[in-house]
Amino acid sequence: MKILILGGGQVGASVAESLVSEGNDITIVDQDSNLLKLLQDKLDIRTVQGNAAHPSVLLDAGIDEAEMLLALTRNDETNLLACALAERRHNVPTRIARLRAADYVDGEQPVMAQFGVEHAICPEQIVTDNLLRVLAYPRALQVLDFAGGRVQLVVARAVAGGKLLGKPLRHLREDLPGSDCRICAIYRKEKLVRPDGDTVLEADDEVFFMAARADIPAMLNELRASEKPVRRVMIAGGGNIGYRLARMLSDSYEVKLIEHGAQRARWLAENLPHVLVLHGEATDEGLLESENVDEMDVFCALTNDDEDNLMSTLLAKRMGARRVIALVNRSSYVNLLEGNRIDIVLSPYLSTIGSILAHLRRGDVVAAQPVRRGAAEVMEIIIHGNEKTSSLVGRRLDAIELPHGCSIVAILRGDNVLMAHHDLQLADNDHVIFFVHGRHKVRQIEKLAQVKLGFF
C-alpha cells in the first residue's frame, strides 16, 4: 500500500518504521531536513522536505497515487488542511489525522468531517486510556478493549501466590466455575508456549488471557496473589499526558503531580484543583522522600525525556513505590527494561499504531492491536458468507487450520460474548478475535477470513 505520512516526529517516524516492515511503500513529509536524512538512513522510505499543508509539497510527495494519508504533524490545523486537500483534490481513499483539540473532534457533526478527516487519533489520549485500564487492574501489564469494550485482553505475569501456579490449565474451570476465560498464549523465557489443558503454569510466565470485564479480577487471582487496589498515584511530568491522567484520576484517587516548569506548574495547579501540584524534578531524591513516594501505590513517569522517566521510576522503585510505570519512546529501551526493575514500560507509538492498523488490514477488520512490543497482534474481524464462500463460517473451531502460533480467542455474536471452545461453530457476521504470534502471519489470517469470489 502507498502511504503518505505527514510529520516525521516521534509518532510519524515510529509509525513509518512499523508500516515499512510490512512491505508498504512509505513517503514522509517534514520541514526538518536533518530529521528526514536520519529517517532515510534508517528506513527504506522516500522523504520530501517542506510544509505538509502546501499543495505543491503534497504533489511532490506523490499524493495523487497515495492510498492512505496519515497526517501526524504536531499542528492540528496543518493536519486538517492536508486532509481537506487529499479528499477534494486528490481523492485519497483513507485519511487519518492526529488531532489534539477536542473542539475539532467532539459533537454530532464534528469539524474534522468538514475537512475530510475520516478518523482522528490523539496519541496523548490513547496513552492516557491505556494507563487508566492498567490502573484499574493493579496486577496487569497491559489491558486492551475488544467487542466494544465488552471483552478485554489482559497480559499478566504469573508469580508465587497465584492459585493456578504449578497446576495444569484444566483446573481453571474448577477454580472459576461461574466464569469463562480463555488463555490464548503463554510466553516463557521469551518463547511461545501454546496452551492446552495439560500445560502447567510456571512462575514468571507472561500470560495472555481474554475475558469479560466482570471475570478479570478472578482470573488475575489465578495468576498472582491478590493486591490492594490503587489509591495513591504520583505522576512525574505535567505535559499533555500527565495533565489528562491527573484530571481523570483526581475524583477517585489521591494524586500528586511533579512538574519542573514553574509557569506550567502554576497553570496545572489552577486547572487541577483536586491534585497536589509540586514544582520540582522527579529525579530529586529529597523531593520524592518528602512527598512520601514510599506510600505510593503507583508512580508514573510521563515526561518527554526517556532518560528522566527511566531514572525517576528506578529511583521511586528503590525508595519503596509499590509499582512504577515509565513512558518511553525508544523501542530498544522498551524491549530491555520492561519486567526487570520497571513494572511497565509504555510505548506511545505502539499504543498509537493500533488505531491505524485496522485501516491497513484487508477484510472487515474492526480492531488490530500490537502486543509484546509489536511482535504479535490481536485482531477482531467480522466474517461473512456461508460454508461454500467462507473458510470459517459454518465450521467448528477444532476443524479450522490456523498458522502455527495463531488461535481464535473469542467470538462476539450479536450482544453475546463467547469464549472460543473447540466445539463452537462460527456463523455469518460473527466478530472473531484472533491472537497472531508473529506479525508476518497477519496476511494468512486476513486471507483465511476473506470471502471467496462466489459470495459476490
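I need the Debye-formula profile for the chain: one equal scatterer per C-alpha, no solvent, reported as log10 I(q)/I(0) at q = 0.10 1/Å, two decimals. Once normalised to I(0) and log-transformed, intensities are -0.80. For Asp364, the amide hydrogen comes within under 5 Å of the amide hydrogens of Ile382, counting only partners 5 or more places away or on other chains and with H modelled in the peptide plane. Shown here for region 351-456: GluC sites (Glu not before Pro) in loop regions (DSSP other than H, G, I, E, B) with at most 13 other Cβ atoms within 10 Å, namely Glu387, Glu401.
Applied to region 226-242, the Karplus parametrisation 6.51 cos²θ - 1.76 cosθ + 1.60 on θ = phi - 60° returns per-residue 3J(HN,Hα) values of 4, 10, 5, x, 6, 10, 10, 10, 10, 10, 9, x, x, x, 4, 6, x Hz, with x for Gly and Pro. Under 20 Å of direct C-alpha separation, and excluding same-chain neighbours fewer than eight residues apart, Lys189 reaches these lysines: Lys167. Mean shadow of region 139-223, computed from the convex hull of its alpha carbons, in nm²? Its average projected convex-hull area is 5.0 nm². Listed by chain and number, the lysines whose C-alpha is less than 18 Å from the C-alpha of Lys317, apart from same-chain residues fewer than 8 away, are Lys228, Lys256. Note on the chain: with charges restricted to the Cβ of Lys and Arg (+1) and Asp and Glu (-1), its dipole about the Cα centre is near 880 debye.
Proximity of backbone amide H atoms, modeled 1.01 Å from N, is registered between Leu141 and Val155, Ala156, Arg157 at under 5 Å, excluding neighbours fewer than 5 places apart on the same chain. Only lysines eight or more places from Lys447 in sequence, or on another chain, were considered; those with a Cα closer than 19 Å are Lys388.
Values in this text are rule-based calculations from the coordinates and carry no lab data. Predicted, not measured: the structure shown is a model, and the values here were computed from it. So basically every Cβ, Gly included, is an ideal-geometry build from the backbone, and we count neighbours across all protein chains shown.
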